[in-house]
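A.B. asks: Encoded as C-alpha cells, here's the structure I'll be asking about.
The values are calculated or read from the model by the stated rules, or taken from the named source; none is laboratory data. Just so we're clear, the structure is a prediction, and the values are computed from it rather than from any experiment. Neighbour counts run over all protein chains shown; Cβ positions are idealised from the backbone, glycine included.
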C-alpha cells in the first residue's frame, strides 16, 4: 500500500466508527421527543448489553481443551464473591485479576 | 466580583467531577495501558512507526478494530471491504447510543466529544454509574471519556515507541477488562428488580456464540437481542423494574 492508500484505509475505519457512534444521536434529536419504542430500548438494552459484553470477553475460552476455562471460572467466582461481600469495585476487579494472573502463570 | 465567583464555582465543579470520575477509570487505566501497549508493539513488529498507533488510537479509538486494521494495512488496498468490516465490528455502538440518548441530553458543547469517544468501557461506566447529586453530570461523563481515551492513546504510543519494555510477566493482565464488565453486570443485576433483559442478553449471546463461533457472533447476537426485546416488550414493561 502507498501512504495515500494507508491514510484512506485508516480514514475509512474512523469514518465507519463515527457513523456507528453518531447515528442514534442524529436520528433522535434532543430537541424532539424520542419515540416511545426507542426510549423503551434505551432502558431495556443496558442490562442485556452488559451481559453480552461479559460473554464477549469470554468468547475465546474453550471448555473442552487446555485449562477447560477453569482459571476464568475461579477468577469470576472470586470477583462475584468479593463484590457481594464488600461491594467495592476496585477490590473486586483487582482481586479477580491478580487471582487470574497467578492461576494462568503458576498453576495452569 | 460576581464573574470571578462564577468562574471559581465553575472550576470547582469541574474539579469535583474529575475527582468523582478518576477512581471509576482506574481499572480501565490498567487494562488500556496494557492492551494499548500490546497493540502499539504489535504495530511496531508489523513494520509501522509509532505515528500509526498514535494517529489510529486518536481518530478510531476502538481496540478490536485497530487490531484488525493492522491486518488490513498489511494486505492490498480494499476500501469497500475495509469500510464494511469496520461498520460490522463497530455496530454495537448503535446500541450504546440508544442507551445513552437520555443521559447525554443537556451536556452542551461536550456532547460531540462524548459521542466521538464512546468506547465499550466509557459506555459501561457512564451508563451504570449514578452520578452523585452534587457532581455535574456532563463533566463527569466528559472526564470518564477523556481519561479512557488518554490511557489508550498513551499505551498505544508507548508500545510503538518502546516495544517489549515490560519486564514482568503480564500474562493474564487483560482479565482486568473481563472482571470490570462482570462487576458492572453484577451491579446492574443487584440494582434491578426484574432480570428479564439481563438474562436475554446473557442467554442470547451464549447461544449465538455456540452457533456462530467467536469471530462472528456479535452481529447475530445484537439482532436477536433486538428481536427478543421487541417481542417481549409488553410483558417486560408490564413487569416493570426497568431502571
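A.B. asks: Do you know which residues across the stretch B:104-114 are facing chain A (nearest Cβ under 9 Å) and under 18 Å from the mean Cα position of the chain (by Cα)?
C.D. replies: B:104, B:111, B:112
A.B. asks: With the stretch A:1-101 as the region, which helices (runs of 4 or more DSSP H) entirely inside it contain at least 1 residues that are modelled with pLDDT under 90 and at the interface with another protein chain (Cβ under 7 Å from one of its Cβ atoms)?
C.D. replies: A:36-57
A.B. asks: From (1) modelled with pLDDT of 90 or more; (2) more than 9 Å from chain A (Cβ to nearest Cβ); (3) closer than 14 Å to residue A:52 by Cα, pick out the condition that doesn't hold for residue B:211.
C.D. replies: Every condition holds for residue B:211 apart from (3).
A.B. asks: Somewhere in the stretch B:115-127, is a residue at pLDDT below 95 and either away from every other protein chain (no Cβ under 14 Å) or farther than 24 Å from residue B:56 by Cα (or both)?
C.D. replies: The answer is yes; a qualifying residue exists.
A.B. asks: Next up: Go through the stretch B:214-243 and count every residue that is in a helix (DSSP H, G or I) and at the interface with chain A (Cβ under 9 Å from one of its Cβ atoms).
C.D. replies: Going through the stretch B:214-243 one residue at a time, the tally reaches 11.
A.B. asks: Out of (1) modelled with pLDDT under 90; (2) farther than 29 Å from residue A:105 by Cα; (3) crowded, with 23+ Cβ neighbours inside 10 Å, what's the single condition that is false for residue B:177?
C.D. replies: (2)
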